[in-house]
Amino acid sequence: MSDILSNWYPYIKAMHIMSVIAWMAGLFYLPRLFVHHIETAGLQGPSHDLFIIMEDKLLRVIMNPAMISTWLFGIFLVMIPGIVNWDMVWPWTKAIAVLAMTVFHMWLAGQRRKFVAGKRLKTGRTYRMMNELPTVLMVVIVLSVVVKF
């Protein structure tokens, strides 16, 4: 299996990078949609309904598949001999940051369900602050992988 993966390494890496880009785009955009949803549309009416559709499509059509493919291609990369040295710190910091990003993704999905149900939500300010989390995690991941400390 590792021989097959080694031969496909450039393609697996490329697919991983494309998946990460798509996932990050959604992680940056969905909290912004929440800010505008809570501050302009409220929890009922045509604007609310439109935001619900946009948030649902972003999560189901872009973010969920991108997260799954990021994980899948990332696991394939880890399985290729010589790519990851687990004696170093960087794979562990990256792994923790990716897990945190996944938890954030799930939190966003939970917030979307609350919008649909019309339950108590966070403020626009909270969603703005939460919008910074993927940036911090991205910095940790990129520094981990590129600098390899």
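Values in this text are rule-based calculations from the coordinates and carry no lab data. Quick caveat, the model's predicted, so the values are computed rather than measured. Cβ placement follows ideal geometry from the backbone for every residue including glycine, while neighbour counts extend to all protein chains displayed.
Quick notes
- For the chain, modelled as a GNM whose springs connect Cα atoms under 10 angstrom apart, the maximal fluctuation among Arg32, Arg60, Arg120 occurs at Arg120.
- Residue among Ser19, Ser47, Ser69 with the largest mean-square fluctuation in a Gaussian network model of the chain, springs linking Cα atoms under 10 Å: Ser47
- Cross-link reach list, lysines versus Lys13, counting only Cα pairs under 27 Å and skipping chain neighbours closer than eight places: Lys57, Lys94, Lys148
- Cα lying deepest toward the dipole's positive end in the range 2-147, options Leu121, Leu99, Pro81, charges on Cβ: Leu121
- Helix runs (DSSP H) in the chain reaching 27 Å along axis by Cα, Kyte-Doolittle at least -1.0: 9-36, 90-117
- In summary, the aspartates and glutamates within cross-link reach of Lys119, defined as a Cα separation below 17 angstrom excluding same-chain residues under 8 places away, comprise Glu39, Asp49, Glu55, Asp56.
- Overall form of the range 60-110 per C-alpha gyration tensor (a/c, 1.5; a/b vs b/c): oblate
- Rounded, prolate or oblate (a/c below 1.5 giving rounded, otherwise prolate when a/b exceeds b/c) for the range 2-147 by Cα gyration tensor: prolate
- Most mobile of Asn131, Asn85, Asn64 in a GNM of the chain (Cα contacts under 10 Å): Asn85
- Once C-alpha pairs closer than 8 Å and six or more residues apart are averaged by separation and normalised to the residue number of the range 1-89, the relative contact order reads 51 percent.
- Charged-residue dipole, Cβ positions (Lys, Arg, Asp, Glu), the chain about Cα centre, Debye nearest 20: 460
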